[in-house]
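The values are calculated or read from the model by the stated rules, or taken from the named source; none is laboratory data. Computed from a predicted model, the values in this text were never measured in an experiment. Heads up, the Cβs are rebuilt from the backbone with ideal geometry, glycines too, and the neighbour counts pull from every protein chain shown. Just so you know, the surface numbers come from the protein's heavy atoms only, side chains and all, with ligands and any DNA or RNA stripped out. Shrake-Rupley method; radii C 1.70, N 1.55, O 1.52, S 1.80 Å.
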Amino acid sequence: MTSQIVAFADLDDTVFQTLRKLPGADSARLTPATVNTAGEPHSFMTPAQTALLDLLAAGNVTVIPVTGRDPAAFARVGLEFPSWRVLDHGLTILDAAGEPEQTWATRVRAELEPLQAELGRLTDWLRPQAAQAGARLTVHHAHDLPFMTVLKHPEASAEILADLQDAWTAALPAEAGLTVIANANNVSLLPAGLGKAAAVRYLRQTYFPQAALTLGLGDSVSDLGFMAECDFALTPTAGQLMRTLRSVTLPQR
Ligand SMILES: [Mg+2]
């Protein structure tokens, strides 16, 4: 019996990205990986990203996507993931047949119920400010319950998003059980204790207790939690996580 290796991988900006993130790239060397809602190619893999996935496949590594995408957005990803899938920032775990993992779904529903009032209040609280800044809020559901509010700006203005993020964070009571995170082009309000890290911990403990090696692949600071559930972490050098690490100045000691 060969030893099992599992890679838990964020998708957007880790395995592929939109052309906006690839200035000057030679499109002939890119591999389409997703389509937009109109069915047109939207995100692409660089030769390095393609080679990384090829390397994992050649090593019989089980690659499990761990993504903020919901099932509809995940369906627009053209890559094959024949094992488990972690969607909705960790709130949804699908098995190989595409069915929700029931123990996880039950736990998520139970933990979401008491968060509903505060999630709704903070969403309504930001709405006028967001509208004034030309941004919009979308409430996302998992297991038929609202679980996350996503703030987007049509031009992904970093300044406007950062200002609204600061306001939202300041309005968030410490005991609310919610957190505000920033992704590449949006800001999200979601449960603090039910994210990608909790889902990866659950999957690893429940279904891969004998794995010889686990890898965590992610580009964002918000991926750190699930990457830390793995034995090793791998991050694209152009990503938010690496940028953040490089800007840290350690005190002299
Ligand atoms: Mg990402």
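Assorted remarks:
- R0 of 25 Å, Cβ-Cβ distance residue 51-residue 102: FRET efficiency to nearest 0.05: 0.10
- Charge dipole (region 115-191, unit charges on Cβ, about Cα centre) - positive-most of 162, 117, 178: 117
- About the centre of its Cα atoms, the chain shows a dipole size close to 340 debye [charges on the beta carbon of Lys, Arg (+1) and Asp, Glu (-1) only; nearest 20 debye].
- Against the criterion of solvent-accessible heavy-atom surface with a 1.4 angstrom probe, 207, 202 sort, most first, into 207, 202.
- Distance histogram for region 12-120 (every C-alpha pair counted, 10 angstrom bins, percent rounded to whole numbers): 13, 37, 30, 15, 4, 0
- Solvent-accessible area, 1.4 Å probe, carbon plus sulfur percent, for the chain: 55 percent
- DSSP bridge orientation in the chain - percent antiparallel, rounded to nearest 5: 65 percent
- Taking a ≥ b ≥ c as the square roots of the eigenvalues of the Cα gyration tensor, an a/c ratio of 1.5 or more together with a/b no larger than b/c marks region 27-91 as oblate.
- Proximal charge balance of residue 47 [Cβ under 12 Å; K/R count +1, D/E count -1]: -1
- Region 52-186 shape via C-alpha gyration tensor axes, a/c threshold 1.5: oblate
- Averaged per residue, the chain has 52 square angstrom of accessible surface, using a 1.4 angstrom probe with ligands and nucleic acids left out.
- Positive minus negative residues near residue 154 (Lys, Arg vs Asp, Glu; Cβ under 15 Å): +1
- Remark: accessible surface ordering of 42, 141 (largest first) is 141, 42, probe radius 1.4 Å.
- Relative contact order of region 115-191: 31 percent, from C-alpha pairs under 8 Å at least 6 residues apart in sequence.
- Amide hydrogen proximity for residue 192: with H placed 1.01 Å from N in the peptide plane, the residues at 5 or more positions away or on another chain lying under 5 Å are 178, 179.
- Which of 181, 93 is most accessible, then next, and so on - probe 1.4 Å: 181, 93
- All other residues whose Cβ lies under 14 angstrom from that of residue 226 are scored, Lys and Arg at +1 and Asp and Glu at -1, for a net of -2.
- Solvent-accessible area of residue 124, all protein chains in place: 100 Å² (probe radius 1.4 Å, heavy atoms, ligands and nucleic acids excluded).
- Gyration tensor verdict on region 98-253 (Cα atoms; rounded if a/c is under 1.5, prolate if a/b is larger than b/c, oblate otherwise): oblate
- Kirkwood-based shape ratio for region 115-191, expressed as Rg/Rh from alpha carbons: 0.94
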